[in-house]
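To start, the structure itself, in structure tokens.
The values are calculated or read from the model by the stated rules, or taken from the named source; none is laboratory data. Owing to the predicted nature of the structure, the values given are computational and were not obtained by experimental measurement. Don't worry about glycine lacking a Cβ; one is built from the backbone with ideal geometry, like all the others, and counts go over all protein chains shown. Protein only, heavy atoms only, side chains kept; ligands, DNA and RNA dropped before computing areas. Shrake-Rupley method; radii C 1.70, N 1.55, O 1.52, S 1.80 Å.
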Amino acid sequence: MTTHCAAMWCLAALTSAFLLQAAPHAAALFLPNPPELQRLLSRHRAAPGQNRTVDATPSRGRLAIRWSDRKEILKLHNKLRGGVYPTASNMEYMVWDDELERSAARWARQCVWDHGPAELLPSIGQNLAVHWGRYRSPAQHVQAWYDEVKDYTYPYRHECRPFCPDRCSGPMCTHYTQLVWATTSRVGCAVHVCPRMDVWREVWENAVYLVCNYSPKGNWIGEAPYKHGQPCSQCPPGYGGGCRVNLCHKDPYCPETEDMNEVEKPQVLVQPRRAPVKPAPTQKLKPAQKLNPIRNTLRFCYFFAAQNIDCATRMQDRCKGTTCNRYKCPANCQNKRGRVWGTIFYDVQSSICRAALHSGAIDSSGGLVDVTRKAQLPFFVKVTKNGVKSFSKYEAGYAFAVAKVKEQSVDCYTTVAEICLFRKPASTCPRVLCPSNCKNEPSYWAPVTGSRIYSDSSSICRAGIHAGVIKPSGGYVDVVPLEKRERYTGTLKNGIQSESKTNSEGHSFRVFAVRD
């Protein structure tokens with residue numbers, strides 16, 4: 001964790017170098033309001049009513065972060081996070097958080113050169129910077145935090161036994177590690193000009209104070225800031241496999257729904273035929289005018305039902321929802337870190353992959369498993385199976401079971417109702433391999449009913465093409481069974497016209513792409 005005095009010492013080195021350049025002599029550390037300083041102050045003074053916090057009362061000379069600075073800070077954070085070395089497999093895209101901004105503003109207005117407030121620090125991360133004199137953008141401070149990387153050595157997985165060593169060879173690296181902490185996905189900053197501020201036992205006049213608050217907080221002792229690997233290969237399931245500039249990213253065109261963690265961009269329904277209307281007279285265009293052709297482009301949202309996890313990932317660490325039931329385990333989890341409680345049914349604090357090994361759902365080579373959540377069990381009993389030792393737990397806890405995912409080749413006419421077991425508490429489907437040329441099959445032999453969510457009487461493979469998760473040349477599809485829907489809406493997508501239906505019998509399903 002970042003200590004207050006250490007954080008201040010580091011920033012002293014950063015800002016002192018800047019001040020020595022701005023004022024070579026100690027006596028020059030105070031400037032009696034020169035024009036350049038007045039321009040600096042006006043840049044950070046909020047106009048009346050701008051950027052006012054919800055619980056703040058109006059005050060003279062209130063300071064706020066400019067929209068341009070906010071944009072620059074966020075853009076730089078994501079650029080730096082996406083370019084870490086070694087590469088990160090689980091680095092999350094960062095977004096701006098207004099509540100963090102408000103809390104940062106409240107603390108910045110205190111003009112205290114220390115981390116705070118004390119009651120908030122256990123739940124947030126925080127980086128601080130201050131300068132005086134010539135204008136310096138907040139992004140320059142962010143870059144200075146990141147530049148601590150020159151003194152930091154990333155601890156690879158084999159070095160963490162089980163805790164990762166602290167590999168900082170300079171005075172401070174925790175500003176860098178907080179900035180690139182993989183699971184920190186929200187930031188909010190504030191800038192305040194303090195008329196008088198005590199900085200290292202010196203009073204600075206008109207000090208420009210930057211406070212950035214982060215959530216969830218990082219810098220946990222004994223942990224690496226991120227997991228090394230191919231970018232976006234170990235993103236949390238809530239991102240649905242989305243990736244942007246090497247960061248786990250949720251496509252804004254694919255918002256979440258209640259039943260799962262993503263949904264593709266809604267398509268325009270096929271318009272019904274209408275009575276002919278007399279066309280309006282056309283307007284003759286001038287020679288310089290040109291009509292912009294309307295482009296009928298489709299935007300696909302590639303999301304995956306199966307999420308990549310590591311040997312130590314626990315069931316309670318994963319999200320809940322339709323896309324949080326299928327996981328891909330790596331090889332060689334027998335001797336890796338990750339405890340298991342119970343047998344057949346496992347406590348949610350157990351490692352998913354080691355529980356799968358224990359149950360026999362996978363072997364040492366890893367594989368794909370489906371997880372079924374169970375109700376609370378009164379206790380869990382230890383058993384050693386398949387080279388994995390489980391532990392007993394004599395207290396009630398929520399449980400889960402694991403099962404191997406089968407693969408099945410189908411034809412263009414196979415429906416979900418034929419191959420998936422719809423039953424409580426969970427319904428499972430195999431991973432399906434579709435043949436080529438299903439797109440051209442007639443709809444009366446291989447119907448597709450619905451859009452995004454399909455009736456279980458639909459052809460799996462043609463639904464996969466319609467949804468955009470496979471090409472007409474075929475390929476693997478993950479199928480997720482869902483409850484019955486009262487209504488299905490037909491759309492024309494990717495050359496396949498689906499049907500509309502109401503009050504249909506049976507259940508429904510979604511289709512998902514499979515990673516290569």
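A few remarks follow.
- For region 360-381, the residues whose backbone nitrogen is under 14 Å from a point 7 Å from the Cα of Ser392, taken along Cα to Cβ, are 379-381.
- Each part reduced to its alpha carbon centroid, region 476-510 and region 369-442 end up 22 Å apart.
- Remark: spin-label model distance Lys471-Ala403 equals 3.4 nm, labels positioned 7 Å along the Cα→Cβ axis.
- Label-point separation in nm, Gln143 to Leu492, each point 7 Å along Cα→Cβ: 5.2 nm
- At an R0 of 25 angstrom, the distance between the Cβ atoms of Gln230 and Thr153 translates into a FRET efficiency of 0.75.
- Computed FRET value (nearest 0.05) for Arg339 with Tyr85, which takes r as the C-beta separation and R₀ as 30 Å: 0.40
- If a spin label sat at a point 7 angstrom from the Cα of Asn332 along the line to its beta carbon, the backbone N atoms of region 354-390 nearer than 15 Å would be those of 364-367.
- Stretched out straight at 0.36 nm per residue, the stretch from Gln376 to Ser443 would grow longer than its current Cα-Cα span by 19.6 nm.
- Solvent-accessible area per residue, Å², over region 103-225 with all protein chains present [probe radius 1.4 Å]: 41 Å²
- The mean of 1/r over all distinct Cα pairs in region 468-516, once inverted, gives the Kirkwood hydrodynamic radius of 12.5 Å.
- Here the Debye sum runs over all C-alpha atoms of region 191-235 as equal scatterers in vacuum, and log10 of I(q)/I(0) at q = 0.21, 0.27 Å⁻¹ comes out as -0.80, -0.98.
- Of every Cα-Cα pair in region 368-440, the percent that sits beyond 19 Å: 57 percent
- Computed lengthening from Asp98 to Thr502, 0.36 nm per intervening residue step minus Cα-Cα distance: 141.2 nm
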